[in-house]
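I have placed the structure first, in the form of structure tokens, so that the comments after it can refer back to it.
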Amino acid sequence: MTQWTIQRLLTWITDYLTKNDVDAPRLSAELLLSHVLGLKRIELYTQFDRVVNKEHLDRLHDLVRRASRHEPVAYLIGRTEFYSIEMEVTPDCLIPRPETELLVQRAIEFLRTRSGPQHACDLCTGCGCIAVAVAKGFPDAKVTATDISDKALAVAARNVEKHQIQDRVELLCGDLFEPLVPHLDVTQWDLITCNPPYVSAAEYEKLDKNVKDYEPRLALWAGADGLDVYRRICASIDRFLKPGGALLLEIGYAQGPAVRELLDATALFAETVIERDPNNNDRIAFARRRETPV
Ligand code: GLN
């Protein structure tokens, strides 16, 4: 009888996922196998000849079958890495994308240009990836993070706890700015970040199966042109952003001109920058508020 060693399994799973058109088949195979065996990925390579027992093989078989039907590996193993930070994820929240790391980088760079403790706010926080990465990357920041989904916020709460930043990250459930209103007596925010839903109705229908069939529609779909949430943010930002503070939005691959127009129409900002990601798609809108109204 052939024995299933780690090495043979990795080859077999990689081939199987490749045949089923799954993205990053080798990485997915390593993530699934290391998850089932309770090992770090590197340890798979130091234990290449280890024979995997029947119980582990059964669990693996189930996960590989689900992955081959395009269920995201991050959901299957319950975690992903974002900005080099391990984040728990569940199907209640969007899986953090590498493109969003650019927003975190720009957020931290902006906070570093300022002095004293900074109040940041992250709207539509989902699993809390931006809030946690900003809080960890800028120890002088207090972060208020909001989301309309209490299920997503429960995941964010576990991520905040896992990274021991409960004293600097507050999670509030509600629609966009609404849960911030009671705090307005005390503060406005130096930085407001948001990776909102921004997929248009037509694009939503064309999303990859792993996204459309498994990730929350609430975190993706944003009306006929995908700009609904940006419009609502622009309509309310005046009350919440400090003079000199910045708004940083993640945007869709071709939304730069439309979002710039919405930001300019507020007449609040001294500077608006649209930035592209390494795939040359529009990805970030940065808008710095004037110190004094015009
Ligand atoms: N970039 C994501 C996707 O294409 C969408 C994220 C979002 O709507 N915030 O799947």
Qualifying residue in the stretch 30-39 (condition: modelled with pLDDT of 95 or more, under 13 Å from Arg8 (Cβ atoms) and under 28 Å from the mean Cα position of the chain (by Cα)): yes
Only listed residue being touching a residue at least 12 places away in the same chain (Cβ under 8 Å), touching a Pro at 6+ places or on another chain (Cβ under 8 Å), of a type in the set (Val, Ile, Thr) and closer than 19 Å to Ile130 by Cβ, chosen from Ile237, Ile251, Ile192, Ile233: Ile233
First in the stretch 89-102 and away from the ligand (no atom under 12 Å from the Cβ) and at pLDDT 95 or above, second anywhere and part of a helix (DSSP H, G or I) and of a type in the set (Lys, Arg), Cβ under 7 Å, 6 or more apart: Asp92/Lys151
Some residue of the stretch 124-142 being surrounded by fewer than 16 Cβ atoms within 10 Å (Cβ to Cβ) and within 15 Å of the ligand (Cβ to nearest atom): no
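Identify, please: which residue in the stretch 192-220 is among the aromatic types (Phe, Trp, Tyr) and surrounded by fewer than 19 Cβ atoms within 10 Å (Cβ to Cβ) and is, among those, nearest to the ligand (Cβ to nearest atom)?
Out of the qualifying residues, it is Tyr204.
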Matching entry among Gln105, Gln188 (being away from the ligand (no atom under 16 Å from the Cβ) and surrounded by fewer than 18 Cβ atoms within 10 Å (Cβ to Cβ)): Gln105
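The values are calculated or read from the model by the stated rules, or taken from the named source; none is laboratory data. Here the structure is a predicted model, which means the values were calculated and not measured. Glycine also receives a Cβ, built like all others from the backbone with ideal geometry; neighbour counts cover every protein chain displayed.
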